[in-house]
Each structure stands twice: as C-alpha cells, then as structure tokens.
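**Student:** To start, I am sharing the structure in question, which I have written as structure tokens.
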Amino acid sequence: MRSAEAEDIGGEAAAHAVAQDGRPLGRRGLRTRRRFLDATEELLRETGLRELRVVDIARRVGTSPATFYQYFTNVEEAVLAVAEDATADIPPIVEHIEGDWAGDAGLDRARKVVKAFFDYWDRHYAILRVRNLAAEEGDKRFRAARMATLKPLTDAMCDRLQHAHDEGWIPLEIQPYAAAAALVAMLERIGAYHNQLERTEVTWRDMVETTARILHQTVAGQSA
C-alpha cells in the first residue's frame, strides 16, 4: 500500500524522481513536479498531445517554462510520467481476476473486473486516450508504456485461462496467452468507448453485463 506522502507526490516511482541535472528531488521539488503532472493531465482533457505546449502547462501551474524544464525534457516526457501514474490503479483489477472463475461466483468476478476496468478508464480517460493514440501512431515510448500497463492484466488472465485449459473447461484450440491478449484488448476497447455506446443504444448495465458474460464464458468455458 502506498503511503499518504507517496499519494501526495504521485506514488512510489515519483519519490525517486530526479531533476534534469540529476539531483534527487526534495519534498518541495516533488510537489512542484506533481503540479506540472496534474496540469498536464488537465490540459489533455481539453487538447491533444500535438497541441499541448510547455508554455500552456507552465501557465496552468502559474510558473515559467524554464521551471518546467528543470523537471522534464519536453511535453512527451511529462505525458509519459502521467501515464505511468495511472498504472497504480491496475493491481486492484488484477486482484479481481485472480481466483476461481467457475459458476455464478465466477460470473460475479467477471462483473467486478469489468466494472473496475470501466472505472479505471473513466478516471484516466484523457491520458489513456493520448497514450494509445501515440502508441498506435508508432511512438515506441508510448507503446512500451501501454504494454507495461496491460501486461499484469494479460498475465493474470492467461493464468486463469491456463487453469481452465488444464481442467478441460475450454477447447484445446484456445491458446491461453492469445486468448488473454484478446480479452484484455476487448476490455480496453470497450472501456474507451462504453460511454459513447451508452448514449446510443445500450445502458451502462447492459455494457457491464454483456462484457462480463463474454469474459466469463471464455475464461470459465464448460464450468460456467
């Protein structure tokens, strides 16, 4: 569990952050860095990565671009740091995946996974949207950040699918890791767009229940 101080400055990773000249940041420096990251995330709700400028971030914080450059080389580095912060919400989702997926209890577990993932996307939509767009456009840094975030989910799902495979619940033709990657991709895609879908033909409850049942049927197979 992260300490209150770590929460305040942006997590355990931030606690080891350094300035651009290599000096470890003190508490005041960490607070300033946190303000730049918060401003970056706020502005990403209003504009895209290409339109985001250092001067805009500095103005939102109430300081100068020169101060920004004491902490980050460029805008992309700050955006990547914001994306890294969002990974702190992944472990609780992984915890929902771990455990027994058989029967009605497994279906309830699938609902918890879907709800937690939707909440995660709603909470971090601005940064996740920008991260994924940059990754899909070929930026290796953002692609690596995306893969690092999704890997714990994919690994946990693969473990459950491997168990189902070993128990004979799912066909031998379903390769556990490939299926896990497909399910996580489905979650990410629906997590990103569920709000838009809910405005047209379906409700939030419909999206959660349908996605959870697809997830459960795939993972639990004949034990469902």
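**Student:** Could you go through segment 109-118 and let me know if any residue there is at pLDDT 90 or above, surrounded by fewer than 16 Cβ atoms within 10 Å (Cβ to Cβ) and in a helix (DSSP H, G or I). Steps first, please.
**Tutor:** Restricting attention to segment 109-118, the residues satisfying the condition of being at pLDDT 90 or above are 109-118.
Retained after the next criterion (residues that are surrounded by fewer than 16 Cβ atoms within 10 Å (Cβ to Cβ)): none.
Looking through segment 109-118, none of the residues is at pLDDT 90 or above, surrounded by fewer than 16 Cβ atoms within 10 Å (Cβ to Cβ) and in a helix (DSSP H, G or I).
**Student:** Can I ask one more? Considering only residues that are assigned to a helix (DSSP H, G or I) and farther than 16 Å from Trp121 by Cβ, which ones fall in segment 66-90?
**Tutor:** Applying the first criterion (assigned to a helix (DSSP H, G or I)) to segment 66-90 yields 66-68, 75-90.
Residues satisfying the conditions are Ala66, Thr67, Phe68, Val75, Glu76, Glu77, Ala78, Val79, Leu80, Ala81, Glu84.
Condition check ((1) at pLDDT 95 or above; (2) open to solvent by less than 80 Å² (accessible area, probe 1.4 Å); (3) more than 24 Å from Asp104 (Cα to Cα); (4) within 20 Å of the chain's Cα centre (by Cα)) across all residues:
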position	(1), (2), (3), (4)
Arg129	no, yes, yes, yes
Glu137	no, no, yes, yes
Asp155	yes, yes, no, yes
His165	no, yes, no, no
Trp169	no, yes, no, no
Ile190	no, yes, no, yes
Tyr193	no, no, yes, yes
Ala212	yes, yes, no, yes
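**Student:** Search segment 195-224 for residues that are closer than 18 Å to Gly168 by Cα and pair each with any residue that is surrounded by 18 or more Cβ atoms within 10 Å (Cβ to Cβ) and charged (D, E, K, R) when their beta-carbon atoms are under 6 Å apart and the residues are at least 6 apart or on different chains.
**Tutor:** From residues that are closer than 18 Å to Gly168 by Cα, the pairs are Val219/Arg160.
**Student:** So in segment 44-74, with the set limited to residues that are of a type in the set (A, V, I, L, M) and in contact with a helix residue (DSSP H, G or I) (Cβ under 6 Å, 6 or more places away or on another chain), which one is nearest to Ala134 (Cα to Cα)? Full working, then the answer.
**Tutor:** The initial filter retains those residues of segment 44-74 that are of a type in the set (A, V, I, L, M), namely 44, 49, 52, 54-55, 57-58, 61, 66.
Remaining after also requiring in contact with a helix residue (DSSP H, G or I) (Cβ under 6 Å, 6 or more places away or on another chain): 44, 49, 52, 54-55, 57-58, 61.
Details: Leu44: 13, Leu49: 8, Leu52: 13, Val54: 18, Val55: 21, Ile57: 19, Ala58: 23, Val61: 25 Å.
Result: Leu49.
**Student:** If you check Ala78, Ala39, Ala58, which single one turns out to be touching a Ser or Thr at 6+ places or on another chain (Cβ under 6 Å), without any contact (Cβ under 8 Å) to a residue 24 or more places away in the chain, over 22 Å from Leu215 (Cα atoms) and crowded, with 18+ Cβ neighbours inside 10 Å?
**Tutor:** Within the list Ala78, Ala39, Ala58, the selection yields Ala58.
The values are calculated or read from the model by the stated rules, or taken from the named source; none is laboratory data. Everything numeric in this text was worked out from a predicted model, so none of it was measured. Cβ sites come from the backbone with ideal geometry, for glycine too, and all protein chains shown count toward neighbours. Just so you know, the surface numbers come from the protein's heavy atoms only, side chains and all, with ligands and any DNA or RNA stripped out. Shrake-Rupley method; radii C 1.70, N 1.55, O 1.52, S 1.80 Å.
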